Structures are given as structure tokens and as C-alpha cells.
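The values are calculated or read from the model by the stated rules, or taken from the named source; none is laboratory data. The structure displayed is predicted, hence computed values, not measured ones. Ideal geometry is used to build each Cβ from the backbone, glycine not excepted, and the neighbour counts take in all protein chains shown.
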Ligand code: AMP
């Protein structure tokens, strides 16, 4: 029989990994809450048109990386249009903002979300086909202070993570619909000179989306990118002022940043500010941990009123890799602290009742009830990391008592059943709510 395997570019998150996920999720949610971001979650599937219109028909994500979802036979595509797994989160949040009437809420609206994204790219280290993003969006605020506060959330996250490597913010402005066309023309003219050096795919890319070329992570194009015209030189007065004041706010917040005049992002909806957080030794941003920017035109693109907005997305797998590499001590969750060992059929019944009672009291309890031998149950208790074992034999049933064994010291004593919960809480130092 052919072996069934997980799809390429996906990962199983194993029990041993969850302490990292929980650590990161708790930290992200705490920091988001401290700046008044509220959680929102949107479906994993959306109409393909949503991404075509927002992420952009000429972006790599839409051109090459979408996972399409087939409709059930007989269900017409005409009604709903084609469906796709979401490759990123902002488009769905903005769709929900319009569809659910969130524009009626006090603005700016601060939202965060956390969940899986799907991109059909070539799997490699740090690049998966299913991965998780934590994203924040501030909708209804055009002031540069919102950009600064968005960068601040990212900055606070990396400060709080206490990773070993040094991380920096890289930032640029790619202008707006008014000033960008002039820059794009300049860039196109510049890239024309190099056309014969490009392979077919890059030629195509350059003609469809010259800005996207600057996002090229290929070493061989590095010097061409480096010498390319810079958007900062073509900003209109308003975009220039916006960027300048943003940098002043970042100074005010003591956020260290590098101006990166060729930084662009792979999604079309950005205007003005774009930024990333990456490790200091990642010069091209190939393994950026967080990316974001301003997207003032996106809500209008989806049929809403002109509404400025700014946000970012952080790649959770990449951050977890860094947490592991940094060997940050993360507490194991208090699982299976108490192990029940039973000797005989009647004791087993009592053991089941005890499991229910202990768990109900908020204490994590474990057991291997199909095992009959005392030794093998004790061995399992030891291996599973239990701190205490409760031993139930025929005598204890008669006496209404249990034997409580400390797994570390090996010491044991008999305790009246009525006093057991109290004793467990005292030994495990569990405080009453
Ligand atoms: P983007 O949505 O492309 O702006 O990416 C934001 C962040 O998501 C990146 O900085 C990465 O940390 C993460 N990311 C993007 N694509 C992938 C992927 N294919 N696999 C893992 N993480 C990703």
C-alpha cells in the first residue's frame, strides 16, 4: 500500500513543540492587548477575486502561489466564484471590516489575528506551504503616528522575546499613486538596460511588476538592485513629510532602524511606508521575521470609502525557530503532575472516579489503566514526569485512603481519601482562585 504522508511544505506541530507555540502566542496576545488590539478571525477560504484585487494580479503570490479550492460537483462556480486558501491575512480582515459594518466602530480600529496561511511556493527552510502569521491592522488612521505605533508593536515583540541574535527594523517609503508612477518609469528605464542578462521569468516579472524585481532575493541580481533608482528620491511633498515625521517618531520611541532604499514588499496593496524586522546578518531579508506597511488604497479597492490603514504580519514558524536557537528557557506546562496507579478491578473503578475528581479540581492527572502490574504503572509514571503518584490497592479501598508517593524523593505516606485534594494542592503549590 502506498504510504500516506503529509503534503510537501507542511508541518506537524508535535506535543513537544507546543510550549514554544503557547509561549509565543501568549506573548503576542499580551502585547497586542496592551495596545488595545482586538482579535478578529476570518475564514481560511475566500473568493479568489479578493486576493487578485488586493494582493495584485501581477504579484508572485497571485501568479504562482495560490492554492485553489474546488467546488463540490454540481455547485455552480458562477454564484460564489472561484475559491482559494488565503495566502495572507489583511485582505480577509478588510473584507470583513466592510462586510460586517466594522466601519461603524470608533476609529481607528485596532485588530489582530493569528492563524494559518497557504502559499504554493518551493518549500525550503523557513518557507512553507502552510505557515502561521500573527498580524495587526490599524484601520482609519492616516497619520504617521499610526505607522510608528505599528512598528512599535513589532519592536516590543522582539524586545520581549529576548532572542540571542540582534534584530533590526528596515524601513522605506514607496510613495503613493501620485508620485510612484514617475518612479516606476525611471525604474523601468533603468531595468531595460539589463534585460539581456535576465532569464525569461525575470524578464516577465520586470515587465509586469518592476517594483517586484527589487524584492528579488537572488544573489546574481544583487548589484543591479543596489544601483537601481530609489523611490525616496521621487516622493511627492506629502509622502516625503509623512516619512520624515515617521522617522522622527521612531527616534522618539528609541526604535533602531536602517533606511533601506530598495525595500519593497511582495504584495501590491502597500503605499508609503514599508518595513521589515530581520536579523542583522540577513542582508537581503530572505528570512525576514515580520513585514508590513501602509495600505491606504485597499479599502477603496474593495468598494469601501477611502480609509487609510497600516499593519504587519509576523511569521510564527520563523520566530519559533529563533526561540529554539536562542535556547530561551520556557517552562513546561504542568501536565500529568499526578499519576494514578491501581491494583485490581475494584481499585480501577475507584481510580476512574478519582481521575474525575482530581481533574475537576484543576490538577492535571494521568494514568495507564490497562496496565495491571504495579511496577509497569510506576515506570510509566516516572517516564511521564509525574511529581506525585497515588497508589490504590485493596487495603486502601477498605480504609478509604490512598498512598501518596513523591516521585522525586521516593517517600510515601497514607492519606485519608477526604483529605487528598487538599494535600495535592498543598504539595503542588496550587493556589485557590
Ligand atoms: P508577507 O505576508 O509576505 O509580508 O510575510 C510576512 C512574514 O510572514 C514574513 O516576514 C515571514 O516571517 C512570514 N512568511 C511569509 N511567507 C512564508 C512562508 N512561505 N513560510 C513561512 N513563513 C512565511
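List the number of the failed condition for residue 162; all other conditions in (1) surrounded by fewer than 14 Cβ atoms within 10 Å (Cβ to Cβ); (2) without any contact (Cβ under 8 Å) to a residue 24 or more places away in the chain; (3) under 30 Å from the mean Cα position of the chain (by Cα) hold.
Unmet condition: (2).
Would you point out which residue out of 300, 321, 317, 325 is within 16 Å of the ligand (Cβ to nearest atom), over 30 Å from residue 379 (Cα atoms) and surrounded by fewer than 16 Cβ atoms within 10 Å (Cβ to Cβ)?
325
Kindly provide the set of residues from segment 170-186 that are crowded, with 19+ Cβ neighbours inside 10 Å and part of a loop (DSSP other than H, G, I, E, B), ordered by number.
Across segment 170-186, the qualifying residues are 174, 175, 179.
I'd like the residue in segment 6-41 that is outside any helix (DSSP H, G or I), in contact with a helix residue (DSSP H, G or I) (Cβ under 9 Å, 6 or more places away or on another chain) and within 15 Å of the ligand (Cβ to nearest atom) and, out of all such residues, is farthest from residue 130 (Cα to Cα).
This residue is 13.
If we scan segment 92-100, do we find a residue that is modelled with pLDDT of 95 or more and part of a loop (DSSP other than H, G, I, E, B)?
Yes, segment 92-100 contains a residue that is modelled with pLDDT of 95 or more and part of a loop (DSSP other than H, G, I, E, B).
Are there any helices (runs of 4 or more DSSP H) wholly within segment 308-394 with 2 or more residues that are without any contact (Cβ under 8 Å) to a residue 12 or more places away in the chain and farther than 30 Å from residue 11 by Cα, and if so which?
Correct list: 345-360, 374-383.
Could you say which residue among 157, 139 is more than 16 Å from the ligand (Cβ to nearest atom) and touching a strand residue (DSSP E or B) at 6+ places or on another chain (Cβ under 9 Å)?
139
Can you tell me which residue among 166, 130 is within 16 Å of the ligand (Cβ to nearest atom) and touching a strand residue (DSSP E or B) at 6+ places or on another chain (Cβ under 9 Å)?
130
Scan segment 65-83 and tell me whether some residue there is more than 16 Å from the ligand (Cβ to nearest atom), surrounded by 20 or more Cβ atoms within 10 Å (Cβ to Cβ) and part of a loop (DSSP other than H, G, I, E, B).
no
As an exercise: evaluate residue 56 against (1) in contact with a helix residue (DSSP H, G or I) (Cβ under 8 Å, 6 or more places away or on another chain); (2) farther than 27 Å from residue 271 by Cβ; (3) within 16 Å of the ligand (Cβ to nearest atom) and give the number of the one condition it does not meet.
(2)
With the checklist (1) buried (at least 21 other Cβ atoms within 10 Å of the Cβ); (2) outside any loop (DSSP other than H, G, I, E, B); (3) within 16 Å of the ligand (Cβ to nearest atom) in hand, flag the one item residue 268 doesn't pass.
Result: residue 268 passes all but (2).
Which condition number does residue 114 fail, the rest of (1) assigned to a loop (DSSP other than H, G, I, E, B); (2) within 30 Å of residue 334 (Cα to Cα); (3) in contact with a strand residue (DSSP E or B) (Cβ under 8 Å, 6 or more places away or on another chain) being met?
(1)
Name the single residue, out of those in segment 271-297 being within 14 Å of the ligand (Cβ to nearest atom) and outside any strand (DSSP E or B), that is farthest from residue 164 (Cα to Cα).
That would be 295.
I need the full set of residues from segment 117-145 which are in a helix (DSSP H, G or I) and either buried (at least 22 other Cβ atoms within 10 Å of the Cβ) or at pLDDT below 95 (or both), in order please.
Across segment 117-145, the qualifying residue is only 144.
For a quick check of your reading of the model, give me the residue pairs whose first member lies in segment 1-28 and is over 27 Å from residue 384 (Cα atoms), whose second is more than 14 Å from the ligand (Cβ to nearest atom) and in a helix (DSSP H, G or I), with beta-carbon atoms closer than 6 Å and at least 6 apart or on different chains.
That search, which allows pairs on different chains as well, returns 27/160.
Spot the failing condition for residue 193; the list is (1) buried (at least 21 other Cβ atoms within 10 Å of the Cβ); (2) modelled with pLDDT under 95, and only one is missed.
Unmet for residue 193, out of (1) buried (at least 21 other Cβ atoms within 10 Å of the Cβ); (2) modelled with pLDDT under 95: (1).
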